[in-house]
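Report on the structure given below.
The values are calculated or read from the model by the stated rules, or taken from the named source; none is laboratory data. Since the model is a prediction, treat every value here as computed from it, not as a measurement. Glycine also receives a Cβ, built like all others from the backbone with ideal geometry; neighbour counts cover every protein chain displayed.
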Amino acid sequence: MNKPPIHLGIYCPGVGTGGPWRYVHSILAGVDPAEFDVSVFCDLPGVYEPRPWVKVVPLSQPAAHPGGATAAPSSAVAVKPRSLTKLTPKSARLWVGFGKETRRLARLFRQHPVDILHTQLAGCEEAPVAAKLAGVPRVIGTFHVDSTYDLHHERSGPGHRLLETVSNRCLDTAVAVSHATKRDWVRRTHIPADRVVTIHNGIDPDKFRRRQSREAARRALGLPENGLIVGGLGRLDEAKGFTYLLDAAAGLRGEFPNMVVAIAGAGPLREPLEAQAERLGLGGVVRFLGFQSDVQGVLDALDVFAMPSLCEALPFALLEAMASELPAVGAAVGGIPEVIVEGETGFVIPPRNPDRLAASLRTLLTNADLRSRMGTAGRERVIRHFHERDTVRKTVEVYRTGPMS
């Protein structure tokens with residue numbers, strides 16, 4: 001007699017299409033509809049590729065976490081009339097908001113029961129608590145970020161930390177996208193280490209390989225066809241550390257007059273970064289490409305990929321660049337050192353250190369053979385250790401049996 005399918009619920013709130021959404025796409029593409037009956041709890045059903053066998057359960061109100069897993073729950077905002085907000089302690093508003101959103105989600109999960117709820121953005125999140133209150137048999141959460149994303153320690157107070165602990169203790173199994181992310185949350189919230197399994201993010205390397213020559217890619221982007229181009233991808237905010245890339249470029253300009261720095265992305269620091277480039281005399285050196293939907297078109301134009309981030313868990317952009325046979329220089333934060341093999345696929349440098357960044361870039365810019373060797377090794381590493389199919393396989397195994405080594 002055939003077993004009935006497991007009813008899997010995937011909870012992914014938010015208003016963006018970043019890493020967690022990509023992660024969910026991978027899972028939906030990889031699970032067997034005969035084994036899993038899937039419901040996706042989300043605010044943006046249109047983000048998902050059409051899959052007739054997936055039921056979409058809209059959330060009745062936004063529950064976004066714009067600051068990542070350590071962000072205050074969205075429900076903590078405006079839970080009281082504005083006239084009373086200033087009179088109420090911040091920690092009390094946080095807890096009231098958390099409780100209100102938890103009760104709302106618990107009602108939603110009772111209305112749409114599942115056997116397993118896999119929630120994204122685990123950390124200080126209401127969904128694991130709500131799932132327990134709703135009687136969901138098994139709750140799984142993925143840590144897509146860690147506490148280092150709270151760059152200014154705005155969410156490190158005892159009230160927020162306690163909510164993180166309460167939330168994470170409701171997880172029967174947690175999935176961390178890097179070993180560093182696992183260590184951080186185990187340390188921060190004392191979730192038992194044997195309840196957390198590391199499953200690295202993965203990509204399909206066949207989707208990220210050179211499609212055109214560097215010259216053609218540069219023409220399409222309005223970049224110089226000759227010379228050397230160092231590039232970065234990501235939202236233009238403090239966390240991505242692009243200010244340090246500009247400082248490093250200023251130190252290299254005299255040695256490499258044909259060097260261009262190309263940065264693809266949009267965000268609140270666009271104007272400050274442009275002003276910094278002008279102050280450093282890099283007006284003709286740094287090119288801000290804006291948001292680019294065709295990531296491969298940007299990667300095809302580069303000689304070296306730079307990721308001077310201040311915080312990362314396991315960045316998809318780094319995997320994509322390495323799959324495109326680009327040598328990479330990345331800051332030693334989060335899971336970046338788990339991806340880049342020092343001296344083999346690129347270089348790992350201390351964060352906030354433009355001198356070390358410049359030194360690593362100098363080594364690569366002066367040696368085309370080294371760039372080629374590291375680029376080839378990087379693609380092979382992604383294929384072997386960061387393939388999307390392995391990420392999905394290990395995640396499905398967690399659904400079936402629990403943590404795996």
Margin query: Just checking, does segment 349-372 include any residue being within 27 Å of residue 176 (Cβ to Cβ), without any contact (Cβ under 8 Å) to a residue 60 or more places away in the chain and in contact with a Phe, Trp or Tyr (Cβ under 9 Å, 6 or more places away or on another chain)?
Written below: no
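Residue by residue, here is whether (1) more than 22 Å from the chain's Cα centre (by Cα); (2) closer than 30 Å to residue 193 by Cα holds:
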residue: 350; (1), (2): no, yes
residue: 363; (1), (2): yes, no
residue: 369; (1), (2): yes, no
residue: 374; (1), (2): yes, no
residue: 379; (1), (2): no, no
residue: 387; (1), (2): no, yes
residue: 390; (1), (2): no, yes
residue: 394; (1), (2): no, yes
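So that you can scan it fast, the table gives a plain yes or no per residue for (1) in contact with a Ser or Thr (Cβ under 6 Å, 6 or more places away or on another chain); (2) of a type in the set (D, E, K, R); (3) more than 21 Å from residue 361 (Cβ to Cβ):
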position: 240; (1), (2), (3): yes, yes, no
position: 251; (1), (2), (3): no, no, no
position: 259; (1), (2), (3): no, no, no
position: 281; (1), (2), (3): no, no, no
position: 288; (1), (2), (3): no, no, no
position: 296; (1), (2), (3): no, no, yes
position: 303; (1), (2), (3): no, yes, no
position: 314; (1), (2), (3): yes, no, yes
position: 319; (1), (2), (3): no, no, no
Given the conditions (1) farther than 21 Å from residue 395 by Cα; (2) surrounded by fewer than 22 Cβ atoms within 10 Å (Cβ to Cβ); (3) among the hydrophobic types (A, V, I, L, M, F, W, C), every one holds for residue 193 apart from (1)
Counted residues in segment 338-348 being touching a residue at least 40 places away in the same chain (Cβ under 8 Å) and closer than 18 Å to residue 148 by Cβ come to 2
- Within segment 359-381, is there a residue that is surrounded by fewer than 18 Cβ atoms within 10 Å (Cβ to Cβ) and either at pLDDT below 95 or touching a Lys or Arg at 6+ places or on another chain (Cβ under 8 Å) (or both)? no
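Okay, residues lined up against (1) within 19 Å of residue 357 (Cα to Cα); (2) hydrophobic (A, V, I, L, M, F, W, C):
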| position | (1), (2) |
| --- | --- |
| 243 | yes, no |
| 256 | yes, yes |
| 259 | yes, yes |
| 296 | no, no |
Note on residue 275: of the conditions (1) in contact with a Phe, Trp or Tyr (Cβ under 6 Å, 6 or more places away or on another chain); (2) over 22 Å from residue 217 (Cβ atoms), unmet is (1)
Residue 339 vs (1) out of contact with any helix residue (DSSP H, G or I) (no Cβ under 6 Å at 6 or more places or on another chain); (2) crowded, with 18+ Cβ neighbours inside 10 Å: all pass except (1)
Go through the residues of segment 211-228 one by one and say whether even a single one is closer than 19 Å to residue 329 by Cα, charged (D, E, K, R) and either in contact with a strand residue (DSSP E or B) (Cβ under 7 Å, 6 or more places away or on another chain) or at pLDDT 95 or above (or both).
-> no
Filtering segment 162-190 for residues that are hydrophobic (A, V, I, L, M, F, W, C), farther than 22 Å from residue 399 by Cα and either outside the structural domain of residue 395 (by TED's automatic domain parsing) or under 17 Å from the mean Cα position of the chain (by Cα) (or both) leaves a count of 1
Log entry, pairs with first residue in segment 312-323 being farther than 13 Å from residue 20 by Cβ, second being surrounded by fewer than 24 Cβ atoms within 10 Å (Cβ to Cβ) and charged (D, E, K, R), beta carbons closer than 8 Å, six or more apart or on different chains, reads 322/379; 322/381; 323/209; 323/379
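Suppose we filter segment 145-172 for residues that are aliphatic (A, V, I, L, M), surrounded by 18 or more Cβ atoms within 10 Å (Cβ to Cβ) and assigned to a loop (DSSP other than H, G, I, E, B); how many remain?
Number of matching residues: 2.
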Within segment 247-271, restricting to residues that are farther than 11 Å from residue 288 by Cα and of a type in the set (Asp, Glu), the one that is surrounded by the most Cβ atoms within 10 Å (Cβ to Cβ) is 247
Per the filter on segment 119-144, residues over 22 Å from residue 178 (Cβ atoms), assigned to a loop (DSSP other than H, G, I, E, B) and either out of contact with any Pro (no Cβ under 9 Å at 6 or more places or on another chain) or not assigned by TED's automatic domain parsing to the domain that holds residue 196 (or both) are 137
Those residues of segment 208-225 which are assigned to a loop (DSSP other than H, G, I, E, B), small (Gly, Ala, Ser) and within 11 Å of residue 299 (Cα to Cα) amount to 213
Residue 389 vs (1) in contact (Cβ under 8 Å) with a residue 40 or more places away in the chain; (2) surrounded by fewer than 16 Cβ atoms within 10 Å (Cβ to Cβ); (3) outside any helix (DSSP H, G or I): all pass except (3)
